[in-house]
Every structure is written in C-alpha cells, then in structure tokens.
Amino acid sequence: MAKLYFNYAAMNAGKSTTLLQASFNYRERGMHTIEFTAKIDNRYEEGAITSRIGLHKDAHLFDADTNLFIIVQKESRKTSPACIFLDEAQFLTDAQVLQLAKIVDELDIPVICYGLRTNFRGDLFEGSARLLALADDIRELKTICKCGRKATMNLRIDAQGKAVKTGESIEIGGNERYAPLCRKHFYEALQASE
C-alpha cells in the first residue's frame, strides 16, 4: 500500500542528499523513479536535484501552476514508476499536496517529499503545513545548531552574518543567507538584531 511521506528539517540537514540516495536505491534495483524539484530554487543546475556535497540527478521542475498528478499519470503510461521523489516540498501549493495524495491513493505509487518545515520567521510554509496535515508518514531529519543542539529553525542572515527579520517569505539561498539554529539561538539572534 502506497503512502505519502514528508521528511522535513532545517537547512543543511542533508535532505537532498537523502532523497538522491533513496532514489538511487530504487534505480539500482531496476525500478523507475520520477523526481521533482522547485523551479524557483535556482542555486545550482536548473532541472536537477543537487545536494551540497555534489550529488545531482535530472528532475522535472514544478511551480505553482504545475499539475503533478497529470505528469505522473502520463509518465505512468510509459513506465511503471516505483516511487515519486519531490525536493523543496515547502514550495508546493495546497492543491499540489492534494495532487500528491491523489497519486498515492489513485495510482498506488508512494510519494516521498523532502523540504523545510518553517521559513525564516518560524512560520510554516504552505506546502509543509499541508503535508504535515495529510502525510501518512512524517519524519524529521536532524541537523545541529552551532551549540550542538538539534537545529529546528532557519535564521536568515545578511552579508555580515546578522539576523534578518523582515522581507519576503521566500528568498532562495544557502549558507550565505541562512543558518540552521536551535530555537534558543534563533530567538537570541533575532533579539540581538534589534
């Protein structure tokens, strides 16, 4: 029985690396997979899921207008996908999370999503909120704060490494723009920037 999975974490927890390894495991056994990543994330190679350690794989791009169910349904007519993998799940819309659930429920294909839970303000992303509500299996991937505790927050920083408290909810960036922190150090950094 297929399930909808949501694996979430703060920045730098190895979400893309874990996705690429899981996808490779299927393909190594001769099974077909379909991968998706957010079009908005242009930090690396367009049309590919890329990890910070250099692994990458071609993927379908999605934006708010992409119908994931239709793409998977069409691909399923050509091949028999064993699993669907989706990176940057925080950028999904509510409707797209429902499409993923429909892939699981109607096409009986497991869907494994990876993404951030919260933005730089500590608020849930739309896609993450819907996945937390609908996923059959929810797992946290862990990374650490500078103090050694589990990092659960994503602090946006400026060029000087100071906390940024305002701005658009979505701003693409890596280590130069975000720092994974525990809740304590997240709020301390915000207070220090006042």
**OP:** Would you mind finding the one in ILE109, ILE103, ILE138 that is of a type in the set (A, V, I, L, M), part of a loop (DSSP other than H, G, I, E, B), out of contact with any Gly (no Cβ under 7 Å at 6 or more places or on another chain) and under 27 Å from TYR26 (Cβ atoms)?
**Re:** ILE109
Subject >> Complete set of residues in region 137-167 that are among the aliphatic types (A, V, I, L, M), out of contact with any helix residue (DSSP H, G or I) (no Cβ under 6 Å at 6 or more places or on another chain), closer than 29 Å to PRO110 by Cα and crowded, with 17+ Cβ neighbours inside 10 Å >> reply: ALA151
Subject >> Residue match in region 74-93 (condition: more than 14 Å from the chain's Cα centre (by Cα), within 23 Å of GLU140 (Cβ to Cβ) and among the β-branched types (Val, Ile, Thr)) >> reply: no
Original post:
Quick one: is ALA101 in contact (Cβ under 8 Å) with a residue 60 or more places away in the chain and surrounded by 24 or more Cβ atoms within 10 Å (Cβ to Cβ)?
Top reply: no
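This table checks each residue for (1) in a strand (DSSP E or B); (2) on the phi < 0 side of the Ramachandran plot; (3) among the aromatic types (Phe, Trp, Tyr); (4) at pLDDT below 90.
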position: ARG130; (1), (2), (3), (4): no, yes, no, no
position: LYS142; (1), (2), (3), (4): no, yes, no, no
position: GLY148; (1), (2), (3), (4): no, no, no, no
position: ALA159; (1), (2), (3), (4): no, yes, no, yes
position: LYS165; (1), (2), (3), (4): no, yes, no, yes
position: GLU171; (1), (2), (3), (4): no, yes, no, yes
position: GLY174; (1), (2), (3), (4): no, yes, no, yes
position: TYR187; (1), (2), (3), (4): no, yes, yes, no
position: LEU190; (1), (2), (3), (4): no, yes, no, yes
**OP:** Kindly indicate which of ILE71, ILE138 is of a type in the set (Val, Ile, Thr) and in contact (Cβ under 8 Å) with a residue 60 or more places away in the chain.
**Re:** ILE138
Original post:
Would you pick out the residues in region 69-89 that are surrounded by 11 or more Cβ atoms within 10 Å (Cβ to Cβ), at pLDDT below 95 and not charged (D, E, K, R)?
Top reply: SER76, THR79
**OP:** Take region 76-108 and flag every residue that is of a type in the set (Ser, Thr, Tyr) and either within 14 Å of ILE34 (Cβ to Cβ) or touching a Ser or Thr at 6+ places or on another chain (Cβ under 8 Å) (or both).
**Re:** SER76, THR79, SER80
Original post:
Which of the residues spanning region 19-43 are surrounded by fewer than 23 Cβ atoms within 10 Å (Cβ to Cβ) and under 11 Å from the mean Cα position of the chain (by Cα)?
Top reply: ASP41
Subject >> Condition check for PHE62: aromatic (Phe, Trp, Tyr), at pLDDT 95 or above and over 12 Å from the mean Cα position of the chain (by Cα) >> reply: no
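The values are calculated or read from the model by the stated rules, or taken from the named source; none is laboratory data. Given the structure is predicted, the values throughout are model-derived calculations rather than measurements. As a convention, Cβ positions derive from the backbone with ideal geometry for all residues, glycine included, and neighbour counts pool all protein chains shown.
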